[in-house]
Protein chains: 4
Amino acid sequence: MLLESLRVEVLEANLEIVRRGLVMYTFGNASGFSPAEGLMAIKPSGVPFEKLRPEDMVVTDLDGKIVEGSLRPSSDVDTHLEIYRHFPEVKGVVHTHSTYAVSWAQAKREIPCFGTTHADYFYASVPVTEPLSDEEIQSKYELNTGKAIIRRFEGIDPLTRPGVLVSSHGPFAWGASPSKAAMNAVLLEEIARMASITVGLNPALTAIGQALHDEHFLRKHGPGATYGQN
Amino acid sequence: MLLESLRVEVLEANLEIVRRGLVMYTFGNASGFSPAEGLMAIKPSGVPFEKLRPEDMVVTDLDGKIVEGSLRPSSDVDTHLEIYRHFPEVKGVVHTHSTYAVSWAQAKREIPCFGTTHADYFYASVPVTEPLSDEEIQSKYELNTGKAIIRRFEGIDPLTRPGVLVSSHGPFAWGASPSKAAMNAVLLEEIARMASITVGLNPALTAIGQALHDEHFLRKHGPGATYGQN
Amino acid sequence: MLLESLRVEVLEANLEIVRRGLVMYTFGNASGFSPAEGLMAIKPSGVPFEKLRPEDMVVTDLDGKIVEGSLRPSSDVDTHLEIYRHFPEVKGVVHTHSTYAVSWAQAKREIPCFGTTHADYFYASVPVTEPLSDEEIQSKYELNTGKAIIRRFEGIDPLTRPGVLVSSHGPFAWGASPSKAAMNAVLLEEIARMASITVGLNPALTAIGQALHDEHFLRKHGPGATYGQN
Amino acid sequence: MLLESLRVEVLEANLEIVRRGLVMYTFGNASGFSPAEGLMAIKPSGVPFEKLRPEDMVVTDLDGKIVEGSLRPSSDVDTHLEIYRHFPEVKGVVHTHSTYAVSWAQAKREIPCFGTTHADYFYASVPVTEPLSDEEIQSKYELNTGKAIIRRFEGIDPLTRPGVLVSSHGPFAWGASPSKAAMNAVLLEEIARMASITVGLNPALTAIGQALHDEHFLRKHGPGATYGQN
């Protein structure tokens, strides 16, 4: 079987977003990408999470051709693939319909960086994609969703802002592994929740200054990171 | 015993709305309808959910005559029956007092379709019924509640919008089976929750465009559905 | 031991408000009153709920004299007693610091009856007491809290509105038994939660009409009640 | 091993903030201080809570020199130390990113005392620190965070207001022991939650009067306390 260990990681990321309360029914999906093989493993479409086994993951190449697996892949498979094609550092992608991140996506508002919880994981606002045109929706919708994400990240290192709000839809998060993508999806939901309470308390609030943003993001990420054990 | 398997399904729908956190005490009720027999099975009134057994379900005909069962049916029995009499595709009905759906019903606001979570299950806004007149309240209140629902759905296929907010009261959801009705009640609550956060973030927001609505609803419903396995 | 069965009921009401999520640490207290003996059993002050046993309940007469028990009664004992002295139909009282009911009490706003969940249990708004004067706070504070409740209910049958918001403090609920008082405390919290979401969605909303209020309250309460099993 | 019993208490405070829902992943940290030895025990940085053992706690002196322990201390160690150096009555400090307290900190708003739940534990508003200058952020950030807290408490007895909101960051709470610090962190989160609902219901609301504040705070704290069992 191809990608044996990646399948386990992808399954685990799918289960993690359920355990963390980000998923209702079969909403949401996680995938992982192996650059060595050029292959992705992704959750099958519409299968209850509690029945998922590593062998149920669907393996495709970067063009979306199924190379192993008898089930249909997640309906969002083309969005995942577009992300892997353009963000070479990304090896895990997670899509959810988590409540607060969806609400910001529906409101079509970026989430400004209001504090250090956000700054620890996103090195600027959480971006929102531009709405798709009717033509983009009516043909290759999932692919065009991916393209809108890539356009929004032009000039942005995707690991410095490991997630996005797809306008009128919801969040996609990613990372250097499926488990990091799942963690970023969880953090994005909490950042969105805190931000919605914050704007209720102070509607005119603007983002924190760059110095505080630098201090927090860079102590957890990059060559100068000091957080955690060695 | 009549409707043996439907009783089990109806019991299960009643328990599902409890497990999903939509029910407090004995609020809420689920029923199922069998077109073959022309009979409905419904939860008895005011019995704690944890004590319910299939044989406790009350079986009535479409006129509300009890044909099997020693307990009183749910006090909302006449609303359920009115729905079954007018919506032949509907074979399950669920009523709850879930927090966010009730809040929209109390606010007497339709829930506009703000995003794809909504569009996946409701093919337009979630409608609100007109308030009942004092006369409609004072005589045959539950039947008149059903009539208000039917009036609100004039010209609307009820399976494209599988639920309604009864003004100043709360949600009724339905579907092609009791379990689908329960699922729609759960989804309606989550849609209502997301929408209340969304309008807080963007009070002037309008509903999504038709193209996005079509794309999402039709990939999960109808002959062209592509979601899930085969 | 005095009031053996009432002690068990009072303990159970104390545990119920914990199980329902209305209580943090040792906040909140429940009591019960036996008209036959003219005695009240109440939770002791500041004892962790998980250690409470029936024999820990403190028994006092209507003047607050401890007739059985080695622990101090709840610090709110004088408020409970004032309620029992003036509301002869009341045989259980529950005080909590539940989140939403406290928030309305802090906001010093009555909770208007916005829908049938409210109308099923409160036959009008949930009232708020007048603030106490500094003198009333500085001497016999708990007794004066009770007096403010009694004043607010002048001309109101307390079983038609089984709870109150003490201004800047929080809810007291009551009923014909300790378990009914606990249930009313739970319902008041949910009514407060729904109402806070509702006013966010429709700030100008007014209370429902009397006909709907009558229909709901009277089908659950009083001689014409039709809800539940005979 | 140094500070054997304090290590257990500190571990327990770290676990308590997890059990109470204040902590996501490895966010948050608790410490304890022993005046007799002049030593602090603190959680190590970035270690999952479920793996923590008493021997993992890092012991430092008041200058931050590690005197026992092979792991790195929490990245917030210098903030904890600054608090112990200036608040001699404080023997436990807890930092969390709990949702509502963070939201007030992000909004840069003090939490006014809106009711008795607050008044029972904080003898005035919950203060917010001044924002740090860029220089204070770029050099010795954690120490400067502590200094901002100390400045904010000039002339304030820290045990009368056992917590603070660090501007754009989140809450630090403290107390006469690690367990009391953890309890104050939990209470601060609930106070923040109630206050955010309260201001939604009554945006113009001002703090309660001093007489009510005195009555509540002083019945739980200080020589005249009457709450609990002797």
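What the table below lists for this structure:
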quantity: Residues of segment B:35-56 that turn out to be under 12 Å from B:Val93 (Cα atoms) and either open to solvent by 10 Å² or more (accessible area, probe 1.4 Å) or assigned to a loop (DSSP other than H, G, I, E, B) (or both), as a count; calculated: 1
quantity: Where A:Thr116 falls short, out of the listed (1) in contact (Cβ under 8 Å) with a residue 12 or more places away in the chain; (2) under 23 Å from B:Arg193 (Cα atoms); calculated: (2)
quantity: Hey, D:Arg193 part of a helix (DSSP H, G or I), out of contact with any Cys (no Cβ under 9 Å at 6 or more places or on another chain), open to solvent by less than 40 Å² (accessible area, probe 1.4 Å) and within 7 Å of chain C (Cβ to nearest Cβ) or not; calculated: no
quantity: In segment D:109-118, residue farthest from the chain's Cα centre (by Cα) [restricted to those that are more than 7 Å from every other protein chain (Cβ to nearest Cβ) and open to solvent by less than 10 Å² (accessible area, probe 1.4 Å)]; calculated: D:Cys113
quantity: Scope segment B:201-221; condition under 30 Å from A:Met194 (Cβ atoms) and either open to solvent by less than 50 Å² (accessible area, probe 1.4 Å) or part of a helix (DSSP H, G or I) (or both); matching residues; calculated: B:Leu201, B:Asn202, B:Leu205, B:Ile208, B:Leu212, B:His216
quantity: Given (1) within 24 Å of B:Leu143 (Cα to Cα); (2) modelled with pLDDT of 95 or more; (3) not aromatic (Phe, Trp, Tyr), index of the condition B:Gly46 fails; calculated: (2)
quantity: Given (1) closer than 30 Å to B:Arg19 by Cβ; (2) without any contact (Cβ under 8 Å) to a residue 12 or more places away in the chain; (3) not hydroxyl-bearing (Ser, Thr, Tyr), number of the condition B:Ala173 does not satisfy; calculated: (2)
quantity: In segment A:133-146, residue nearest to B:Arg219 (Cα to Cα) [restricted to those that are among the hydroxyl-bearing types (Ser, Thr, Tyr) and open to solvent by less than 30 Å² (accessible area, probe 1.4 Å)]; calculated: A:Tyr141
quantity: Some residue of segment D:57-67 being more than 14 Å from chain A (Cβ to nearest Cβ) and part of a helix (DSSP H, G or I); calculated: no
quantity: Residue within segment D:179-188 that is touching a Ser or Thr at 6+ places or on another chain (Cβ under 6 Å) and either under 16 Å from D:His97 (Cα atoms) or more than 10 Å from chain C (Cβ to nearest Cβ) (or both) present; calculated: yes
quantity: Residue satisfying all of: in segment B:119-134; of a type outside the set (Ser, Thr, Tyr) and under 15 Å from the mean Cα position of the chain (by Cα); farthest from the other protein chains (Cβ to nearest Cβ) among these; calculated: B:Pro127
quantity: Those residues of segment D:123-146 which are among the small types (Gly, Ala, Ser) and outside any helix (DSSP H, G or I), in sequence order; calculated: D:Ala124, D:Ser125, D:Ser133, D:Ser139
quantity: Cross-chain or 6+ apart pairs with Cβ under 9 Å, segment B:201-230 first and touching a residue at least 12 places away in the same chain (Cβ under 8 Å) and facing chain A (nearest Cβ under 10 Å), then of a type in the set (Asp, Glu) and assigned to a helix (DSSP H, G or I); calculated: B:Leu212/A:Asp134
quantity: Check on D:Gly224, buried (at least 19 other Cβ atoms within 10 Å of the Cβ) and among the small types (Gly, Ala, Ser); calculated: no
quantity: Residue ID - nearest to the other protein chains (Cβ to nearest Cβ), chosen from residues in segment C:135-145 that are hydroxyl-bearing (Ser, Thr, Tyr) and more than 16 Å from the chain's Cα centre (by Cα); calculated: C:Tyr141
quantity: Of residues in segment A:92-108 being within 10 Å of another protein chain (Cβ to nearest Cβ) and in a loop (DSSP other than H, G, I, E, B), the one most open to solvent (accessible area, probe 1.4 Å); calculated: A:Lys108
quantity: Candidate set from segment B:68-89 (those that are among the charged types (D, E, K, R) and within 14 Å of chain C (Cβ to nearest Cβ)); member that is farthest from the chain's Cα centre (by Cα); calculated: B:Arg72
quantity: Given (1) under 17 Å from B:Ala185 (Cβ atoms); (2) more than 15 Å from the chain's Cα centre (by Cα), number of the condition B:Glu37 does not satisfy; calculated: (1)
quantity: Residue in segment B:58-76 that is closer than 18 Å to C:Asp120 by Cβ, open to solvent by less than 30 Å² (accessible area, probe 1.4 Å) and among the hydrophobic types (A, V, I, L, M, F, W, C) present; calculated: no
quantity: Single unsatisfied condition, C:Ile149 versus (1) part of a loop (DSSP other than H, G, I, E, B); (2) more than 14 Å from chain B (Cβ to nearest Cβ); (3) open to solvent by less than 10 Å² (accessible area, probe 1.4 Å); calculated: (1)
quantity: Failed item in (1) closer than 30 Å to C:Ala204 by Cβ; (2) in contact with a strand residue (DSSP E or B) (Cβ under 9 Å, 6 or more places away or on another chain); (3) not small (Gly, Ala, Ser), with B:Met24 passing the rest; calculated: (2)
quantity: Total residues in segment C:7-33, condition open to solvent by 20 Å² or more (accessible area, probe 1.4 Å) and either touching a Gly at 6+ places or on another chain (Cβ under 7 Å) or not in a helix (DSSP H, G or I) (or both); calculated: 8
quantity: Filter result (touching a Ser or Thr at 6+ places or on another chain (Cβ under 9 Å), open to solvent by 10 Å² or more (accessible area, probe 1.4 Å) and not in a helix (DSSP H, G or I)) within segment C:152-165; calculated: C:Arg161
quantity: Tally of residues being in contact with a His (Cβ under 6 Å, 6 or more places away or on another chain) and over 20 Å from C:Ala211 (Cα atoms) across segment C:119-169; calculated: 1
quantity: Residue within segment C:119-132 that is of a type outside the set (D, E, K, R), within 14 Å of C:Ala185 (Cβ to Cβ), out of contact with any strand residue (DSSP E or B) (no Cβ under 6 Å at 6 or more places or on another chain) and open to solvent by 10 Å² or more (accessible area, probe 1.4 Å) present; calculated: yes
quantity: Hits in segment C:168-181 - residues which are assigned to a loop (DSSP other than H, G, I, E, B) and surrounded by fewer than 22 Cβ atoms within 10 Å (Cβ to Cβ); calculated: C:Ala176, C:Ser177
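The values are calculated or read from the model by the stated rules, or taken from the named source; none is laboratory data. Fair warning: this is a prediction, and the values are worked out from it, not measured in the lab. Neighbour counts are summed over all protein chains in view; Cβ atoms, including those assigned to glycine, are modelled from backbone coordinates with ideal geometry. Protein only, heavy atoms only, side chains kept; ligands, DNA and RNA dropped before computing areas. Shrake-Rupley method; radii C 1.70, N 1.55, O 1.52, S 1.80 Å.
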